[in-house]
Amino acid sequence: MINGINISIKYLSILCFLSYFTNAMIAQGDIYVDIECTNQYPGVGEQIKLSYVLKLKMKGGMASISHNGIKVKKPSMTGLNVTQEGNESTGFSFGGGGQDMKLSKYSFVLQPTKKGSITIDPLSFTMNGETYTSKSFVLNVGEGDPKAKIIPQNSNYFLRIDVSKSDLV
């Protein structure tokens with residue numbers, strides 16, 4: 001009976017250690033919003049892509065994030081035509097220390113309609129009851145190409161890409 005108690009205490013100790021270690025690994029990271037833009041200095045009528053990326057900055061170890069969906073609160077886009085928008089990816093990742101892992105990405109394809117400085121308000125992601133907000137973003141719009149066609153807002157465009165090969169060769 002004493003051997004049985006020693007074995008149970010040994011397994012219980014290992015289980016407690018693994019539980020603590022796993023929680024410590026999962027908690028090692030900060031979540032933030034990054035902004036990516038194809039051209040911060042476009043001309044009037046030029047299309048650009050503006051993306052907001054929810055990222056996890058790793059501090060070491062491994063991490064995983066589980067969620068029941070990510071909600072996006074979009075900024076107003078005064079002075080810009082929004083020709084396309086949407087969530088490009090949602091999920092969670094595993095990785096090692098020192099890496100930034102993408103949790104979600106929301107993008108806009110925009111066309112400036114006027115020359116000058118356009119400030120875009122912050123975008124917010126809400127995940128697991130926590131809200132993560134980007135900074136404001138400034139576009140500096142120049143003259144642009146006078147022949148550029150401004151695509152009207154709410155146009156019905158559809159793009160479909162079919163891949164016939166599984167290899168890139």
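The values are calculated or read from the model by the stated rules, or taken from the named source; none is laboratory data. These numbers come from a predicted model, not from an experiment. Cβ sites come from the backbone with ideal geometry, for glycine too, and all protein chains shown count toward neighbours. Just so you know, the surface numbers come from the protein's heavy atoms only, side chains and all, with ligands and any DNA or RNA stripped out. Shrake-Rupley method; radii C 1.70, N 1.55, O 1.52, S 1.80 Å.
Things worth noting here:
- Note on residue 119: accessible area is roughly 80 Å² with a 1.4 Å probe, heavy atoms of protein only.
- Here the simple spin-label model places points 7 Å from the Cα toward Cβ, and for residue 31 and residue 78 these points are separated by 3.0 nm.
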